[in-house]
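In what follows, a structure is listed as structure tokens, so that the remarks can point back to it.
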Amino acid sequence: MSFAATVTAEDLDRDPDPILARLREEEPVAWVPALQMWFVTRWDDVQTMEDHPEIFSACTEPSFLARTLGENMLTLDPPACTRLQKACKPPFLRAGRSGSFAETELPALCDGLIESMREDGEADIIAGYAALVSAGSLATVLGLDAYDFREVWDWCEGLCAGVANFEQEPEAFAVGRRAADAVEAAVLARLDELRERPEACGLLHILQADQNLSAAEIVNNVRLMISGGINEPRDGIGLVVWTMLSDDGLRQQALGSPAAMRRLVDEVLRRYTPVGTITRTTTRETELGGVRLPEGVLVSGILRAANLDPARFRDPERLDPTRTEGGNAAFALGVHRCIGEWLGRQEIRIGAERLFRNLPGLRLHPEEKVTLRGFEFRGPKSVRVVWDA
Ligand code: HEM
């Protein structure tokens, strides 16, 4: 029996790296019956998938993404996805709404949240801080900041329940549906306001970028941003803060300059790869890494395994912000590379920096043992910290 045939979803959820390391070594393109997918674990093969969207299509069947969010840029291939990406990406670049947001509003958002918890002397920074920094950032850049950031967080959780509903539980789909309806109502109401009274925000940019975008297209793609663009910076902040609290050398280096902090963020994202996979379907029979793949099968390009491939990164499990091997796959490598990458990086860097700047004596709670969970999306369940009152 092949090793891949013994892999279970629970084991991947708990501790994927040793499993992926063995697959990469022994069966780099392997059918995993427990997930009904082919797993691709070597850097070069994941890159090949990304280079050939005409063979490895994002238009998968089944697609929990399309079912919960409606058709969106990540369920389409070029050229259909291209016009959506062109309209939606600019607000998330430095030259767009995200640039001014990151300069002044983001540090202020972080400082306000820190002030509100300072007297407590302790917090779980995942739920109490990072989730709200992420929800608040996306909501503000889009122009949905009239909503309570906790409500925006709830939309994210609801959408994710539907998107990750591999067991096909009716209740999880219903939760996803309710969140999708709430986002639709919020976006449509805001678009009406912006048509009446334009105000600089991400939604206004998207509305004006392409007259041919329908309201449903805008709604579906905002749902995609909310389902993917909040969890990940949250996990990124948690991972970077945990790393800095666990290693004095890395912390001192990172707090030395913004450039050093940027390098640490990049390296932590490589090492832990919070978005672990890309899911595609073959449009025809093909060969990858010497293995024949039939037409119409699901193929998972494992970004986490590519980022820990020793053929690409020396001593890959070691955190080394001074690496020179080249870019990593944390934001993917192909036509669906993350549109929120620039903003996501600022949220993580500034979100972590402000904690260290404002909370003297910041350290892990003596009883905290940080554990990472998840396979497709992986991050710390909690990062409990204390500081000097
Ligand atoms: C640390 C933070 C983040 C990480 C690690 C991350 C990672 C990723 C990855 C790996 C993909 C590719 C998925 C695939 O090909 O199947 C992706 C796509 C995407 N991300 Fe992010 N992301 C982050 C933050 C954000 C933020 C802040 C936004 C807000 C807009 C966002 C919005 C999107 C969208 C809309 C796509 C789909 C792009 C397309 O289909 O062309 N992400 N992200």
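The values are calculated or read from the model by the stated rules, or taken from the named source; none is laboratory data. Not measured: the values here are computed from a predicted model. Ideal geometry is used to build each Cβ from the backbone, glycine not excepted, and the neighbour counts take in all protein chains shown.
Residues in the range 358-382 that are crowded, with 19+ Cβ neighbours inside 10 Å, at pLDDT 95 or above and farther than 16 Å from Thr243 by Cβ: Leu359 alone.
What is the residue count in the range 272-311 for residues that are within 20 Å of Asp15 (Cβ to Cβ) and either over 20 Å from the mean Cα position of the chain (by Cα) or more than 12 Å from the ligand (Cβ to nearest atom) (or both)? Of the residues in that region, 4 qualify. Checking each residue in the range 346-366 for being in contact with a Ser or Thr (Cβ under 9 Å, 6 or more places away or on another chain) and of a type in the set (Asp, Glu) picks out only Glu347.
Report whether or not Ile350 is within 7 Å of the ligand (Cβ to nearest atom), in contact with a helix residue (DSSP H, G or I) (Cβ under 9 Å, 6 or more places away or on another chain) and in contact (Cβ under 8 Å) with a residue 40 or more places away in the chain. So Ile350 does not fit the description; no.
Which of the numbered conditions does Thr82 fail, given that it passes all the others? Conditions: (1) within 21 Å of the chain's Cα centre (by Cα); (2) on the phi > 0 side of the Ramachandran plot. The number of the failed condition is (2).
The set of residues in the range 322-347 being under 26 Å from Glu103 (Cα atoms) and more than 16 Å from the ligand (Cβ to nearest atom) consists of Thr322 alone. Looking only at the range 167-183, decide whether some residue is closer than 23 Å to Leu343 by Cβ, at pLDDT 95 or above and over 21 Å from the mean Cα position of the chain (by Cα). Looking through the range 167-183, at least one residue is closer than 23 Å to Leu343 by Cβ, at pLDDT 95 or above and over 21 Å from the mean Cα position of the chain (by Cα). Within the range 12-68, if we keep just the residues that are among the basic types (Lys, Arg) and within 20 Å of the chain's Cα centre (by Cα), the residue that is farthest from Leu293 (Cα to Cα) turns out to be Arg14.
Conditions (1) in a loop (DSSP other than H, G, I, E, B); (2) touching an Asp or Glu at 6+ places or on another chain (Cβ under 8 Å); (3) free of Cβ contacts under 8 Å to residues at least 40 places away in the same chain; (4) surrounded by fewer than 18 Cβ atoms within 10 Å (Cβ to Cβ), marked per residue:
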residue: Ala311; (1), (2), (3), (4): yes, yes, no, yes
residue: Leu343; (1), (2), (3), (4): no, no, no, no
residue: Phe356; (1), (2), (3), (4): no, no, no, yes
residue: Ala389; (1), (2), (3), (4): yes, yes, no, yes
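Counting only helices (runs of 4 or more DSSP H) that sit completely within the range 51-111, those holding 3 or more residues that are within 11 Å of the ligand (Cβ to nearest atom) correspond to 80-88. Take Glu169 and decide whether it is closer than 30 Å to Ala34 by Cα and of a type in the set (Asp, Glu). Here the answer is yes, as Glu169 does meet what is asked.
A count restricted to the range 218-261 and to residues that are over 17 Å from the mean Cα position of the chain (by Cα) and within 13 Å of the ligand (Cβ to nearest atom) stands at 2. Could you check, for the range 34-49, whether at least one of its residues is surrounded by 17 or more Cβ atoms within 10 Å (Cβ to Cβ) and within 11 Å of the ligand (Cβ to nearest atom)? Checking the range 34-49: at least one residue is surrounded by 17 or more Cβ atoms within 10 Å (Cβ to Cβ) and within 11 Å of the ligand (Cβ to nearest atom).
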